[in-house]
1. Near Lys425, which aspartates and glutamates are there with a Cα under 15 Å away, not counting those fewer than 8 places off in the same chain?
2. Would you mind counting up the charge near Cys127? Only other residues with Cβ under 11 Å from its Cβ, with Lys and Arg at +1 and Asp and Glu at -1.
3. Could you name the aspartates and glutamates whose alpha carbon sits less than 12 Å from that of Lys135, not counting residues in the same chain fewer than 8 places away?
4. Scan around Gly196 for amide H atoms under 5 Å from its own, H built in the peptide plane at 1.01 Å from N, and keep only partners 5 or more places away or cross-chain.
5. Please say if region 72-175 is rounded, prolate or oblate, where rounded means a/c under 1.5 for a ≥ b ≥ c the square roots of the C-alpha gyration tensor eigenvalues, and otherwise the choice is prolate for a/b larger than b/c and oblate otherwise?
6. Find how much the distance from Asn119 to Lys446 grows on full extension, using 0.36 nm per residue of separation minus their present alpha carbon separation; answer in nm with one decimal.
7. Restricting attention to region 365-464, which trypsin sites (Lys or Arg not before Pro) occupy a DSSP loop and are surrounded by at most 16 other Cβ atoms within 10 Å?
8. Could you work out the equivalent-ellipsoid semi-axes for region 196-280, taking the square root of 5 times each eigenvalue of the Cα gyration tensor, largest first, in whole Å?
Amino acid sequence: MEINWVSVVCPWKAFQLHVLPLLFLLVLLRCSSPCQCVVDLDPDDKALLLAFKSRVQDPSQSLSSWVGTNCTSWSGLTCENRTGRVVSINLTNMNLSGKVLPKLCKLSFLEDMNLSHNNFTCPIPLCFGNLVSLKAIDLSHNRFLGVVPDTLMRLRNLKELVLNGNRDLRGLVPGWLGNFSTNLEKLDLASNSFCGEIPESLLYLKPLKYLDLGNNNLSGNLRDFGQSLLVLNLGSNQFSGTLPCLSASAQSLNILNMANNSIVGGIPTCVASLQALTHLNLSFNHLKYAISPRLVFSENLLVLDLSNNDLLGPLPHKIAETTDKSGLVLLDLSHNQFSGEIPLRITELKSLQALFLSNNLLTGEIPARIGNLTYLQVIDLSHNLLSGSIPLNIVGCYQLLSLMLNNNNLSGEIHPELDALDSLKILDLSNNMISGEIPLTLAGCKSLEFVDFSSNNLSGTLNDAITKWSNIRFLSLAQNKFNGNLPNWLFTFEEIQTVDLSGNKFSGLIADGNYNISVKFNKRDIDRMSRGPFVAMPNVHVRVSVVVTGSSQSSFDYHLSSTVGIDLSNNLLHGEIPQGLFALQGLEYLNLSHNFLDGTVPGLEKMSGLKALDLSHNSLSGQVPGNVSSLKDLTLLNLSYNSFSGFVPKKQGYWRFPGAFAGNPDLCVETPSGRCETESIPMMPGKSFHDGVVEGPISVWVFCLSFFVSFYFGIVALFCSARTRNYILHMKV
């Protein structure tokens with residue numbers, strides 16, 4: 001809370017003691033208005049501030065109000081009303097840059113200095129140690145560099161020292177920080193480059209309540225703290241050893257973060273004695289062993305994150321106390337080695353808003369009573385060994401935003417009643433054994449943005465329910481048994497980024513519809529250009545994040561990392577490829593391989609964002625597409641096993657893709673030596689095309705599959721001949 005000194009007293013005529021209290025209150029309220037109070041800025045302080053202003057860069061004109069003598073009109077300043085001396089300077093988030101001049105160090109009455117969230121680039125001035133009246137200093141989120149100067153130990157009255165977010169601040173954490181001020185309550189050195197161990201003096205600094213050393217390069221064995229802390233953040237360092245009990249903070253500690261270190265051993269039951277704890281994060285360590293049944297946290301705990309460890313055994317039947325008005329909001333036990341069934345008592349965590357149990361060894365069925373958790377926004381049970389069907393009761397989680405059940409052994413059909421989840425954004429049922437058709441009622445899930453039903457046993461045609469998913473960004477129905485024609489509306493979603501219908505039985509033509517609606521397909525994203533190796537379209541990653549505030553409210557967000565692409569491979573499509581597909585400059589991946597497509601292929605010059613193109617195993621003819629030398633990001637190309645013909649000169653750039661023309665006997669490709677090679681380009685040093693395919697979306701197994709399919713149909717054809725069948729049977733006898 002900021003204290004406005006100006007609003008306390010004004011130079012009005014003193015009131016007599018017999019004045020009514022109500023009148024006195026009214027005068028004070030009138031006086032509290034900035035426009036009614038004039039405080040003349042001390043001339044010396046004014047000169048110092050103007051000198052500071054003249055040397056900093058201020059492109060946003062944040063200090064343009066620094067004119068005149070009225071302190072109240074100078075933005076960021078607070079003056080003592082009687083003397084006009086500056087007692088507080090708050091220049092946070094004013095887009096200032098440059099160096100901090102020593103002139104500020106002569107503001108001898110300064111008690112509070114906040115220069116945070118700017119772009120100051122210099123060492124912390126040594127003369128800051130002269131500001132002996134300082135009670136709080138905040139230099140966070142700048143570009144201060146070097147070490148913390150020892151001169152700051154003169155600041156005996158300091159209560160808060162905040163230096164976080166200055167990546168070039170480095171060196172050891174000064175040992176004097178634990179004994180220079182008997183008033184220090186808050187020390188924030190997070191997100192810098194400090195190294196070494198925690199000074200022992202900090203372990204016993206009694207006034208300290210808030211200690212944040214997270215996201216540095218600190219190391220050493222964890223030790224216990226002897227003071228009553230409220231917040232302790234040691235996350236994202238290199239600490240080792242076992243977890244301390246922190247018994248001195250048993251009744252006070254609210255937030256404990258030791259994530260992303262190298263902590264070993266089990267979780268001691270004494271941690272549950274931290275009765276005031278609301279946030280506990282021990283993720284990304286090397287914790288192991290089973291969780292003791294005696295480890296039961298209080299009802300005050302809101303967030304428990306034990307993910308990405310080596311914990312094993314059954315999930316705890318009771319992990320925290322609950323009441324009607326309090327209890328866990330976020331529970332993350334993902335990426336461990338928990339086994340057995342999901343305990344029913346998890347469904348008693350009535351306040352739960354996010355449940356992450358993915359990447360374990362859980363078996364059995366999803367608890368039928370999971371729908372009792374009506375506040376749930378995220379359910380992630382993916383990458384386990386769960387079986388049975390999706391419980392119908394799950395529609396009771398009517399606030400659900402993300403449902404991820406992929407990579408299990410789930411069966412049954414998709415319930416039509418899932419349309420009750422009308423807030424759902426992410427629905428991932430991929431890599432299960434779910435059968436049946438997509439229910440028409442799913443049109444009610446109008447908020448869907450990510451849908452992955454791939455690698456199941458789903459069948460039927462694409463119904464119009466999908467057209468209601470107007471915000472869809474990612475749609476994968478790959479590796480199922482869908483059939484029928486591709487609908488005209490397939491590529492007409494404005495936000496669509498990825499469409500994968502590969503490995504089905506779709507037939508007919510690829511509709512020459514309106515490809516200009518999708519923003520991603522048609523606009524090349526500069527931020528995605530040349531960001532490293534090409535990532536194949538199947539390698540989609542969705543990262544869901546849930547942030548819980550102190551008020552028990554969570555905010556949901558997710559990040560989709562996926563190639564902008566279209567995959568219609570391994571179907572029964574025929575006819576010509578629509579011209580519109582080759583005019584999508586934002587498209588990175590196009591796979592139409594293993595169909596029955598014919599006709600010619602237009603030029604690729606408009607597809608400036610293209611990284612991978614596979615048109616292999618079709619019946620395409622005519623000249624190969626024109627010059628590809630301008631497609632700088634193109635790394636995978638396969639036009640093999642078609643009926644292309646003509647001459648391909650070396651200057652067109654196809655020499656970068658050895659093997660891309662195999663199986664085109666009428667095609668003549670100019671080699672680097674100037675000779676004309678038929679069928680394929682000579683192999684070049686380094687990776688062959690087929691080697692690259694293993695890393696990309698077009699795998700070698702596709703070619704193996706082609707062989708076995710051809711062999712199978714050959715045998716069937718033989719047995720369809722009566723003469724051949726009789727001959728074989730006769731020989732068998």
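The values are calculated or read from the model by the stated rules, or taken from the named source; none is laboratory data. Note that this is a predicted model, so its numbers are computed, not measured. All Cβ positions, glycine included, derive from the backbone under ideal geometry; neighbour counts span all protein chains shown. Note: areas computed on protein heavy atoms with side chains; ligands, DNA, RNA excluded. Shrake-Rupley method; radii C 1.70, N 1.55, O 1.52, S 1.80 Å.
1. Lys425 reaches Asp380, Glu449, Asp452, Glu495, Asp557.
2. Net local charge, Cys127 excluded: +3.
3. Glu111, Asp112, Glu160, Glu185
4. Amide H neighbours of Gly196: Ser219.
5. It comes out oblate by the Cα gyration axes.
6. Contour length minus the Cα-Cα distance gives 113.4 nm.
7. Sites meeting the loop and neighbour criteria: Lys446.
8. 18, 15, 12
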